[in-house]
Amino acid sequence: MSTAITLGQFIIEKQADFPYAKGELSRLLRDIAIAAKIINREVNKAGLMDILGNAGSNNIHSEPQQKLDVFANEQFISALKAGGECCIVASEENEDIIIIDPPDRKQGKYIVAIDPLDGSSNIDVNVPVGSIFSIIRKSNDVDPCALSDVLQKGHMQVAAGYIIYGSSTMLVYTTGKGVNGFTLDPSIGEFCLSHPDMHIPEDGNIYSINEGHYVNFPKGVKQYIKYCQEEQHPTRRPYISRYIGSMVADIHRNLIKGGIFIYPATASSPEGKLRLVYECNPIAFIIEQAGGRASNGHGRILDLEVSGLHQRTAVFIGSINMVSQVERFLKEAA
Ligand code: AHM
Ligand code: MG
């Protein structure tokens, strides 16, 4: 019987790809996986919260029970603080960066940006949610940590990943040498390699967009949606529309099956909705590493200037031919 490769084993093996690595990034990834397991445990019993005690009541440690996105944020931050490899945490849940400056040891050299619980509005209805992380290196170890360290372009990421808390829980990550997916085996509490060397099909037949905002979409996006819906033999059109409303879940499905995920700019949100630093850049890095494309409609997401921690961007992410096609529609409509 063959034995599964655990995430821990895989990370150690892959360290050899980086001959000068000292194991810090490996330890950081391991810390993130530990936080993910704890969050998974709580997400899995989310439906029991009302039975076990309403928010506002205390947990078994006599601490107030918290909303899951606050809980997830705290788990990541405390795992990263304890690990010692990280000097700054930037989170969707915190307006400002969190600097980790341990008095008793050398400061870590990595910056981690997180969306601790993406799609958390779906928790109450048992729809998959996710966590997203992006890792960059501090540009130097001389200057004190500052927001400017975080505001690096997406192509500076050294690793990125997501965890999807779905019918099974998976961790998918890249360090810039392809994409690998691990499924949590609850019986042993380990993420096991289940999806080695993931590739997104060059073409797909799924489009994922919140069509409720249709009237506010730019002309090129409206035209592309009509194109997706046209019956055109022998192409795969009309495409299938699938939109969960949890980006991680929509991206994960399209990564495996082929498809495009769109969250465009609208009249009311001219920059789009999704955040560049901890949502779009890490997902863009993963999808590019899987052979897909990630665009803001005009160019590569990973090359966008980053001027603010909570900056937003329009996104068109997925199968390379589908993203290139929507870019053509946007160009022609401009
Ligand atoms: P969140 O980080 O507040 O959960 O918001 C991000 C989520 C994404 O997961 C999802 O793709 C999008 O918001 C859905 O937005 P909408 O309900 O406008 O379609
Ligand atoms: Mg989010």
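In a helix (DSSP H, G or I) and away from ligand 2 (no atom under 16 Å from the Cβ) - does that describe any residue in region 188-211?
So far as region 188-211 goes, yes, one or more of its residues are in a helix (DSSP H, G or I) and away from ligand 2 (no atom under 16 Å from the Cβ).
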Exercise. Quick check, is Val179 farther than 16 Å from Ser324 by Cα, at pLDDT 95 or above and touching a Phe, Trp or Tyr at 6+ places or on another chain (Cβ under 6 Å)?
Worked result: no
Exercise. Given the conditions (1) basic (Lys, Arg); (2) touching a residue at least 40 places away in the same chain (Cβ under 8 Å); (3) within 13 Å of ligand 1 (Cβ to nearest atom), and given that Lys273 satisfies all but one, which numbered condition is not satisfied?
Worked result: (2)
Exercise. Is region 318-325 home to any residue that is within 14 Å of ligand 1 (Cβ to nearest atom), without any contact (Cβ under 8 Å) to a residue 60 or more places away in the chain and either more than 25 Å from Asp96 (Cα to Cα) or in contact with a Cys (Cβ under 8 Å, 6 or more places away or on another chain) (or both)?
Worked result: no
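Among the listed residues Ile244, Ile251, which satisfies the condition of being of a type outside the set (Phe, Trp, Tyr), surrounded by 14 or more Cβ atoms within 10 Å (Cβ to Cβ) and part of a helix (DSSP H, G or I)?
Numbers: Ile244 fails: part of a helix (DSSP H, G or I).
Answer to the check: Ile251.
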Problem set entry | Of all residues in region 247-291 being of a type in the set (Asp, Glu) and within 16 Å of ligand 2 (Cβ to nearest atom), the one that is nearest to Met156 (Cα to Cα) | Glu279
Problem set entry | Sole residue being surrounded by fewer than 23 Cβ atoms within 10 Å (Cβ to Cβ), away from ligand 2 (no atom under 16 Å from the Cβ), of a type outside the set (A, V, I, L, M) and modelled with pLDDT under 95, chosen from Asn140, Asn122 | Asn140
For this session: Report yes if some residue within region 76-87 is surrounded by 15 or more Cβ atoms within 10 Å (Cβ to Cβ), within 20 Å of the chain's Cα centre (by Cα), away from ligand 2 (no atom under 14 Å from the Cβ) and in a strand (DSSP E or B); otherwise report no.
Result: yes
For this session: Would you check if Gly130 is buried (at least 18 other Cβ atoms within 10 Å of the Cβ), among the small types (Gly, Ala, Ser) and away from ligand 2 (no atom under 16 Å from the Cβ)?
Result: no
For this session: Check region 227-246 and report whether any residue there is within 14 Å of the chain's Cα centre (by Cα), farther than 24 Å from Ser307 by Cα and away from ligand 1 (no atom under 11 Å from the Cβ).
Result: no
For this session: Taking only region 173-206 into account, find how many residues are within 18 Å of Ala284 (Cβ to Cβ) and of a type outside the set (A, V, I, L, M, F, W, C).
Result: 12
For this session: Answer yes if at least one residue in region 97-112 is within 16 Å of ligand 2 (Cβ to nearest atom) and more than 19 Å from Ser26 (Cβ to Cβ), and no otherwise.
Result: no
Seminar exercise, completed: Per the filter on region 254-296, residues surrounded by fewer than 24 Cβ atoms within 10 Å (Cβ to Cβ) and part of a helix (DSSP H, G or I) are Ile256, Lys257, Glu288, Gln289
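The values are calculated or read from the model by the stated rules, or taken from the named source; none is laboratory data. It should be emphasised that the depicted structure is a prediction, and the values quoted were computed from it without experimental measurement. Note that each Cβ is placed from the backbone with ideal geometry, even for glycine, and that neighbours are counted across all protein chains shown.
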